[in-house]
1. Taking P155 as meeting all but one of (1) part of a helix (DSSP H, G or I); (2) in contact with a Lys or Arg (Cβ under 9 Å, 6 or more places away or on another chain), write down the number of the exception.
2. Could you please find all residues in region 139-148 being touching a helix residue (DSSP H, G or I) at 6+ places or on another chain (Cβ under 9 Å) and either open to solvent by less than 60 Å² (accessible area, probe 1.4 Å) or among the aromatic types (F, W, Y) (or both)?
3. Considering only region 36-46, I want to know if a residue exists there that is modelled with pLDDT of 95 or more and over 12 Å from the mean Cα position of the chain (by Cα).
4. Just checking, does region 142-163 include any residue being closer than 17 Å to K232 by Cα and of a type outside the set (S, T, N, Q)?
5. Which ones in region 213-231 are open to solvent by 60 Å² or more (accessible area, probe 1.4 Å) and within 28 Å of N117 (Cβ to Cβ)?
6. What tally of residues in region 75-97 results from selecting those that are among the basic types (K, R) and part of a helix (DSSP H, G or I)?
7. Have a look at D106, D151, D101 and point out the one that is charged (D, E, K, R), closer than 16 Å to L212 by Cβ and open to solvent by 30 Å² or more (accessible area, probe 1.4 Å).
8. Looking only at residues that are open to solvent by 60 Å² or more (accessible area, probe 1.4 Å) and closer than 20 Å to L236 by Cα in region 79-98, which one is farthest from the chain's Cα centre (by Cα)?
Amino acid sequence: MQIAILSTFLLVLPAIVAACEGECIIGITNAFISNYTVPVNILFEQLANEVVAKVLTNRRYASPPISLMEPLLSAYRKAAYASLENAIFPSYFHGKCQRRDPENPDGPFVNPPGCPNPNCPVVCGTPGSMVHFYPKLRYIAFNATRHQLVDFASPENEVYQAVERGIVSEIKSGGGRRNTVRAAGTRMPKQWRREQVKRQMREIMGQVSSRLEKICGGMHGLPKCSWEKEMKEFILSYP
């Protein structure tokens, strides 16, 4: 499965800036969020389908199963930008690239070779630095996305609890296996069924991290969530 880059932000030529600030920061952050739309949707489709298969059997849906994950999707969309921007700027890429020449330590600050563009071997806040350290940038974007999703999918989080309440409501309304769990020919108490559903849900939602990693092709290079060629070209469109 190859995940294609969403080119919404690659079609807009950014304004002239001295370094990656303002529109450059906004553009690069939004480009990664756009890219991750497909992997994140695949993730929640997988989770929803597993909920249907293991928790909500014998259910006829008027809407796609992924609608069960709407609280999580909605929360992620609202939080994605702030989380990712902070992870990239200024947590890792920040500041100017100028350094004193090692052969003239008392001299003026100068740009090292390749800085600020197109390939700057100094960690700083310029497009050239992000291009040079793109492998690091790729993992920053993945980890920020993963950590945000894992947080929302944790049982202690109110977003997860909203999803769980929705599943329990489906079962109460007759959408799931409400009367199918028996022991020694006797229906189990409602409280027992509720606890069983919660255990199943926590097991399923605990797969967020491993599933996203698999969707992205594994941690060795994240080949399906890299977008290296397209993103480098986009980053360098900022001067």
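1. Here P155 clears every test but (1).
2. I140, A141, F142, N143, A144, T145, R146, Q148
3. Yes: region 36-46 contains one or more residues that are modelled with pLDDT of 95 or more and over 12 Å from the mean Cα position of the chain (by Cα).
4. Yes; the residues of region 142-163 include at least one that is closer than 17 Å to K232 by Cα and of a type outside the set (S, T, N, Q).
5. P223, E228, K229, E230
6. Counting residues in region 75-97 that are among the basic types (K, R) and part of a helix (DSSP H, G or I) gives 2.
7. Going through D106, D151, D101 in turn, the sole match is D151.
8. If we take residues in region 79-98 being open to solvent by 60 Å² or more (accessible area, probe 1.4 Å) and closer than 20 Å to L236 by Cα, then Q98 is farthest from the chain's Cα centre (by Cα).
The values are calculated or read from the model by the stated rules, or taken from the named source; none is laboratory data. Since this is a predicted model, take the numbers as computed values, not measurements. Glycine gets a Cβ as well: all are built from the backbone with ideal geometry, and neighbour counts include every protein chain shown. The area values use the complete protein model at the heavy-atom level, side chains included, leaving out ligands, DNA and RNA. Shrake-Rupley method; radii C 1.70, N 1.55, O 1.52, S 1.80 Å.
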